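S.K.: Have a look at the structure that comes next, please.
The values are calculated or read from the model by the stated rules, or taken from the named source; none is laboratory data. These numbers were taken from a predicted model, which means no experiment stands behind them. Here Cβ is always computed from backbone atoms with ideal geometry, including for glycine, and neighbour counts include all displayed protein chains.
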Amino acid sequence: MSKQNDQVPADKLALYKDLIDAHPEIELKGGLKLPYTSFQGNMFSQLTKAGTVGLRMGKAERDAFIAEYDSDLLVTYGTIMKEYVAVPDQLLANTEALLPYLEQSYAYAQTLKAKPTKRKK
């Protein structure tokens with residue numbers, strides 16, 4: 001298997017990076033294979049191998065987003081991510097329109113209990 005197949009689509013990665021770069025408090029993690037953002041150990045956005053961005057939201061925000069954009073819950077590796085919405089490609093291409101939803105996702109992550117760090121001994 002070639003390394004290129006292990007990475008997310010370059011065009012989607014560029015759009016995702018633009019989105020994250022637009023918010024000064026959020027740092028992109030995970031590198032080229034599975035980029036994501038997290039707050040205190042809780043992931044709140046991710047770019048799947050298939051090139052779909054998922055944003056983690058509370059139920060009301062999630063339901064409103066799905067209705068507004070005719071979207072659905074994020075599915076990655078055959079698993080439905082119950083707290084994540086799948087961002088439509090057209091919205092991903094519009095950083096300005098998508099940024100408020102990233103902010104909602106970040107705010108939601110701040111309400112979650114911090115996960116303990118796992119350090120190797």
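S.K.: When residues of the stretch 92-110 are filtered for being over 14 Å from M43 (Cβ atoms) and part of a loop (DSSP other than H, G, I, E, B), how many remain?
M.R.: 2
S.K.: Does the stretch 62-86 hold any residues that are touching a residue at least 24 places away in the same chain (Cβ under 8 Å) and over 16 Å from L34 (Cα atoms), and which are they?
M.R.: F65, E83, V85
S.K.: If you don't mind, there's one more thing I want to ask. Go through the stretch 48-89 and count every residue that is touching a Pro at 6+ places or on another chain (Cβ under 7 Å) and more than 19 Å from P100 (Cβ to Cβ). Break it down into steps so the answer makes sense when it comes.
M.R.: Filtering the stretch 48-89 down to residues touching a Pro at 6+ places or on another chain (Cβ under 7 Å) leaves 51, 69, 71.
If we keep only those that are more than 19 Å from P100 (Cβ to Cβ) too, we end up with 51.
Total satisfying the criteria: 1.
S.K.: Considering only the stretch 47-67, I want to know if a residue exists there that is exposed (fewer than 14 other Cβ atoms within 10 Å of the Cβ), under 24 Å from D6 (Cβ atoms), within 14 Å of the chain's Cα centre (by Cα) and not basic (K, R).
M.R.: Yes, the stretch 47-67 has at least one match.
S.K.: Still on this structure, I have one more. With the condition kept exactly as written, say whether any residue in the stretch 48-59 is without any contact (Cβ under 8 Å) to a residue 24 or more places away in the chain and not aliphatic (A, V, I, L, M). Steps first, please.
M.R.: Looking only at the stretch 48-59, we keep the residues that are without any contact (Cβ under 8 Å) to a residue 24 or more places away in the chain, and these are 59.
In the following step, the residues that additionally are not aliphatic (A, V, I, L, M) were identified as 59.
Yes, some residue in the stretch 48-59 is without any contact (Cβ under 8 Å) to a residue 24 or more places away in the chain and not aliphatic (A, V, I, L, M).
S.K.: Sticking with this structure for a sec: Could you check the stretch 30-39 and list, in sequence order, the residues that are modelled with pLDDT of 95 or more and either surrounded by fewer than 14 Cβ atoms within 10 Å (Cβ to Cβ) or out of contact with any helix residue (DSSP H, G or I) (no Cβ under 8 Å at 6 or more places or on another chain) (or both)?
M.R.: Correct list: Y36 only.
S.K.: Against the condition surrounded by 15 or more Cβ atoms within 10 Å (Cβ to Cβ), modelled with pLDDT under 95 and β-branched (V, I, T), how does T76 come out, does it pass? Write out each step before concluding.
M.R.: Details: surrounded by 15 or more Cβ atoms within 10 Å (Cβ to Cβ): yes; modelled with pLDDT under 95: yes; β-branched (V, I, T): yes.
Criteria met by T76.
S.K.: Oh, and also: State all residues of the stretch 23-46 that are of a type outside the set (A, V, I, L, M), closer than 18 Å to D11 by Cα and more than 12 Å from the chain's Cα centre (by Cα); if no residue qualifies, say none.
M.R.: G31, K33
S.K.: Something else: If I go through the stretch 15-70 residue by residue, how many of them are part of a loop (DSSP other than H, G, I, E, B) and within 15 Å of Y106 (Cα to Cα)?
M.R.: 11
S.K.: Moving on to the next point. Could you tell me which numbered condition V8 fails, if it satisfies all but one of (1) loosely packed, with under 14 Cβ neighbours inside 10 Å; (2) part of a loop (DSSP other than H, G, I, E, B); (3) out of contact with any helix residue (DSSP H, G or I) (no Cβ under 7 Å at 6 or more places or on another chain)?
M.R.: (1)
S.K.: Could you tell me whether any residue of the stretch 62-70 is under 21 Å from K115 (Cβ atoms), out of contact with any Lys or Arg (no Cβ under 8 Å at 6 or more places or on another chain) and modelled with pLDDT of 95 or more? Steps first, answer last, please.
M.R.: The first filter runs over the stretch 62-70 and keeps only residues under 21 Å from K115 (Cβ atoms), leaving 62.
Remaining after also requiring out of contact with any Lys or Arg (no Cβ under 8 Å at 6 or more places or on another chain): 62.
From what's left, modelled with pLDDT of 95 or more: 62.
Yes, some residue in the stretch 62-70 is under 21 Å from K115 (Cβ atoms), out of contact with any Lys or Arg (no Cβ under 8 Å at 6 or more places or on another chain) and modelled with pLDDT of 95 or more.
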